[in-house]
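The values are calculated or read from the model by the stated rules, or taken from the named source; none is laboratory data. It should be emphasised that the depicted structure is a prediction, and the values quoted were computed from it without experimental measurement. Cβ: placed from backbone, ideal geometry, glycine included. Neighbour counts: every protein chain shown.
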Amino acid sequence: MILATDVIRHKRDGLELSTEEIRAFAQAAASQGWEDYQLSALLMAIFLRGFSKRETANLTAAMTEFGERYSWEEIDGPKIDKHSTGGVGDKTSLILAPLAAACGVIVPMMSGRGLGHTGGTLDKLESIPGFRVDLSRDELKRCLQTIGFGMIGQTQMIAPADRTLYRLRDVTSTVESIPLITASILSKKLAEGIDGLVMDVKCGCGAFMKNPTDAFALAESIISVGTANGLKTEALVTRMAAPLGKTIGNALEVKECLATLRGGGPKDLEELSVLLAARMVLLGGLASDEREAAQKVRKALESGQGWERFLKCVELQGGDPKSIENVDRLPRAQHIKILRAEKSGYISELHAEKLGRAAMLLGAGRQKASAAINPAVGLVLHVHIGNEVQPHDEILEIHYDDENLLTNALPLIQEAITIREEPVEIPPLILSKS
Ligand code: URA
């Protein structure tokens, strides 16, 4: 019999935990076998003392095992997903899933909701009237068989240990631990029943990992632990200092994704979505090199196949396809305020975290997990880093419903924008590819 007190003491004293001890911890988290304070004490000991690669791989495997695990053997094709560690305006999933599927990849994508300044794929999708993310396994299977992808939320039975541990980490300041983040993400991804995973590790003020050292360490941890658990895993580290694309806020981001799938999206968003989709195609063995994979994805984009698949996905998941064909039918805020440049110069900063927080204050995001969101509100940027502006040029639009919320958000938006006299070098979007 493995006792919680022994396991906590071992980690407290800096020892490496045995596979059995780690399994007992994961099982207890999945089934309320230990008290919350015991789970929390062990989380803090792991946070402070660290976990070896072996311990992290064991925890990931056990968190997957004590829950439901999908398998899609009956469906032909490589099962590959992409996961991002989260950012501001990070909406690539909605673009790359239909593109990768159009190239032959099967994408059973399980996503999360936004929390704090970061957005979540599920909230974006739910801004489409009627769209359901709570599909049963059979409903998801039908999506995979018909269009090659489906987009759902984590069910109660998928990695239940992660639900408990994430809730406790959130309230015990133990979220920012590389082993715990690795196990949390990968336990859910393994349960999806995929063969391969492309990770987009975000780096910068709008991300969990604020600096390249931490972002590279997380990327390395995810690759080694994913691989140790039989998942073909690769990771890109990408910049999240400024928002990705030009919109922040759920319906606004859906509109931008639809524009991108029709060939008229912002360059950075299109570039990253195509790159990640191409990585999925390559990982799935559907191209012989990165160039060929990118060509296939571009063809899916330019021929409109990606857009058509997204439209079909909306139909299959209960959404109103008319709101995709005519985006004016998506939720729209009651008011738009334009913010203008006060001086001439070059845009040197669009602080992602501050803009994400401002969008959250307008109602686009939530400060705690149970809060409701307003799908219509958010920000639309008219500039990018490095753009030259003159006084009175439009910098961004604030889409809002409530004057009081606008009053709260406005100072943060003003603080987020910096204009410098000297020209600004545009930093690279991709910091590393594995
Ligand atoms: N996303 C997750 O799913 N888990 C974490 O711990 C952090 C980000």
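Counting only strands (runs of 3 or more DSSP E) that fall entirely inside segment 387-434 and contain at least 3 residues that are modelled with pLDDT of 95 or more, the qualifying elements are 394-400, 417-420.
Going through 274, 281 one at a time, which residue ends up being surrounded by 18 or more Cβ atoms within 10 Å (Cβ to Cβ) and in contact with a Cys (Cβ under 7 Å, 6 or more places away or on another chain)? Steps first, answer last, please.
Details: 274 fails: in contact with a Cys (Cβ under 7 Å, 6 or more places away or on another chain).
Residue meeting the stated conditions: 281.
Residue 45 fulfils the conditions (1) crowded, with 24+ Cβ neighbours inside 10 Å; (2) small (Gly, Ala, Ser); (3) in contact with a Lys or Arg (Cβ under 6 Å, 6 or more places away or on another chain) except for a single criterion, (1). Restrict the check to segment 34-46 and report whether at least one residue is touching a strand residue (DSSP E or B) at 6+ places or on another chain (Cβ under 8 Å) and over 30 Å from residue 358 (Cβ atoms). No: segment 34-46 contains no residue that is touching a strand residue (DSSP E or B) at 6+ places or on another chain (Cβ under 8 Å) and over 30 Å from residue 358 (Cβ atoms).
For segment 195-217, the set of residues classified as surrounded by fewer than 24 Cβ atoms within 10 Å (Cβ to Cβ) and either more than 24 Å from residue 383 (Cα to Cα) or among the small types (Gly, Ala, Ser) (or both) consists of 195, 196, 204, 208, 209, 211, 212, 213, 214, 216, 217, listed by residue number.
Checked against (1) at pLDDT 95 or above; (2) out of contact with any helix residue (DSSP H, G or I) (no Cβ under 7 Å at 6 or more places or on another chain); (3) outside the structural domain of residue 90 (by TED's automatic domain parsing); (4) surrounded by fewer than 19 Cβ atoms within 10 Å (Cβ to Cβ), residue 370 meets all criteria but (1). Can you tell me which residue in segment 113-148 is farthest from residue 409 (Cα to Cα), limited to those that are touching a strand residue (DSSP E or B) at 6+ places or on another chain (Cβ under 7 Å) and aliphatic (A, V, I, L, M)? That would be 144.
In segment 352-362, the count of residues that are crowded, with 19+ Cβ neighbours inside 10 Å, under 20 Å from the mean Cα position of the chain (by Cα) and on the phi > 0 side of the Ramachandran plot is zero.
When you check residue 80 against the structure, is it closer than 30 Å to residue 268 by Cα, touching a residue at least 40 places away in the same chain (Cβ under 8 Å) and not in a helix (DSSP H, G or I), yes or no? So that I can check it myself, show each step before the final result.
Values: closer than 30 Å to residue 268 by Cα: yes; touching a residue at least 40 places away in the same chain (Cβ under 8 Å): yes; not in a helix (DSSP H, G or I): yes.
In short, yes.
Go through the residues of segment 53-63 one by one and say whether even a single one is over 30 Å from residue 261 (Cβ atoms), not in a helix (DSSP H, G or I) and not assigned by TED's automatic domain parsing to the domain that holds residue 181. Within segment 53-63, none of the residues are over 30 Å from residue 261 (Cβ atoms), not in a helix (DSSP H, G or I) and not assigned by TED's automatic domain parsing to the domain that holds residue 181. Only residues that are part of a helix (DSSP H, G or I) and in contact with a His (Cβ under 8 Å, 6 or more places away or on another chain) were counted across segment 1-37, and they come to 1.
For the subset of segment 127-146 comprising residues that are in contact (Cβ under 8 Å) with a residue 40 or more places away in the chain and hydroxyl-bearing (Ser, Thr, Tyr), which member is farthest from residue 256 (Cα to Cα)? Selected residue: 146. Listed by first and then second residue, the pairs with beta-carbon distance under 9 Å, at least 6 apart or on different chains, first residue in segment 292-304 and under 13 Å from residue 262 (Cα atoms), second acidic (Asp, Glu), are 301/270. When segment 163-181 is limited to residues that are within 20 Å of residue 434 (Cα to Cα) and more than 8 Å from the ligand (Cβ to nearest atom), the one that is surrounded by the fewest Cβ atoms within 10 Å (Cβ to Cβ) turns out to be 178. For segment 18-42, filtering for residues that are under 20 Å from residue 155 (Cα atoms) and surrounded by fewer than 14 Cβ atoms within 10 Å (Cβ to Cβ) leaves 2. State whether the residues of segment 74-81 include one that is within 16 Å of the ligand (Cβ to nearest atom) and acidic (Asp, Glu). Yes, because at least one residue in segment 74-81 is within 16 Å of the ligand (Cβ to nearest atom) and acidic (Asp, Glu). Set side by side, the residues 43, 17 differ, and just one is more than 16 Å from the ligand (Cβ to nearest atom), at pLDDT 95 or above and under 27 Å from residue 216 (Cβ atoms), which is 17.
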